[in-house]
Amino acid sequence: MRRKLHEPELPWASFADALAGMLFIFLITSFYFAMRQSDALEELELKSEEAQATAIEAQQAREEARGLQAQLSAAEKHAANLTSRRGKLNRCLTQDDELETFPQPSEGRIPMYITGVPWFETNQAALNERQRHAVRIIQDCLLTILERTFEGSDGRAKRIVDEYRVLVYLEGHTDGQSINDPQADSNWELSGRRSAAVVRRLLESPELQRAAEEKELELLAVGMADRHPAWQAICDDPSGLHTDAMDRAVCIALEAGSLEPLRRVELYGGDKCPTMAPDAATAHSTELLIAWANRCPAGGRGVRDARWARLRRVDLRLELIPRVSRDG
């Protein structure tokens with residue numbers, strides 16, 4: 001039997017081997033691209049989440065901006081309402097010839113002066129007939145403010161007490177001179193008695209008494225003694241009759257922060273104030289300025305006493321506090 005000669009092996013793989021290799025490469029490639037696609041999807045999801053977070057932050061920022069805008073609008077409306085109320089109150093107080101006022105918008109204070117006479121006599125807190133008439137004017141004006149309507153936050157007309165607590169401070173003042181009152185240990189007690197006397201008189205109005213009981217109105221008696229700038233009140237005297245040279249000099253000194261106007265002032269026949277002055281470091285001390293001014297010649301004392309009389313007064317301050325709730 002003839003033996004079959006072996007044919008030499010071919011250098012390339014068989015078809016089955018080639019097919020297996022191609023399948024292996026395909027699987028590897030598919031796995032690679034699947035992994036790439038998975039990474040891409042994860043990256044896309046991450047970017048989508050970031051975009052959603054950014055959108056949420058932007059929405060929150062817009063809502064916060066709208067909230068702040070609403071708060072600003074409400075604050076501006078409240079400020080305008082308060083300014084309007086104070087203006088109406090001031091105009092009401094001066095519609096009668098008995099009272100004159102000189103409002104201080106930055107402080108919300110309305111100093112009230114009774115025409116031609118002081119609110120109180122020296123060291124006294126009692127109200128005479130003219131003072132009681134002045135208090136009746138204040139009663140009527142406070143009732144007018146309480147009963148007026150305004151546009152509420154919902155756009156409808158409301159009474160002021162529906163959305164605001166109405167606080168009225170009555171501030172009693174003294175003139176800074178030494179006290180001689182057996183019922184008061186100091187100007188603090190005296191000024192407190194003065195403001196309390198006005199509050200008690202105001203509450204004799206049944207309407208104001210009811211408003212106070214129902215918490216529509218809060219009246220507070222405050223004693224300021226002589227701590228509110230006395231000379232500033234003199235400088236801002238609504239009458240404008242600064243005929244006393246010493247008064248003018250002190251007003252200039254207070255405004256300039258310098259004692260030079262006091263050193264240069266000439267009074268009555270060329271007499272000058274003493275050259276000795278308070279220490280420059282305490283030049284802004286009202287008490288020292290007054291004490292030093294009182295050492296000047298007495299020729300202008302009558303005019304200056306008239307200025308002191310205007311300090312024995314009651315100031316009114318109106319505040320509106322937004323209600324958080326009806327009982328807030």
Region 54-74 versus region 187-215: alpha-carbon centroid distance in Å: 44 Å
List, in order, the whole-Hz ³J(HN,Hα) value for each residue of region 120-129 obtained from phi through the Karplus relation with A = 6.51, B = -1.76, C = 1.60 and θ = phi - 60°; use x for Gly and Pro. 9, 6, 4, 6, 10, 10, 7, 9, 8, 4
Please order 224, 35 by the number of other Cβ within 10 Å, starting at the fewest. 35, 224
For residue 99, which sequence-distant residues (separation of 5 or more, or a different chain) have an amide H within less than 5 Å of its own amide H, given hydrogens modelled in the peptide plane? 115
Built amide H within the under 5 Å cut-off of residue 314, gap 5+: 112
Can you give me the long-range amide H partners of residue 323? Hydrogens built in the peptide plane at 1.01 Å from N, cutoff under 5 Å, separation of 5 or more residues or another chain. 164, 165
Net charge near residue 115: determine it from the other residues with C-beta under 11 Å of the C-beta of residue 115, scoring Lys and Arg +1 and Asp and Glu -1. -3
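Readers should treat all values here as calculations from the given coordinates under stated rules, not as data from a laboratory. The model shown is predicted, which means the values in this text are computed figures rather than measured ones. Quick reminder, even Gly has a Cβ in these numbers, built from the backbone with ideal geometry, and neighbours come from all protein chains shown.
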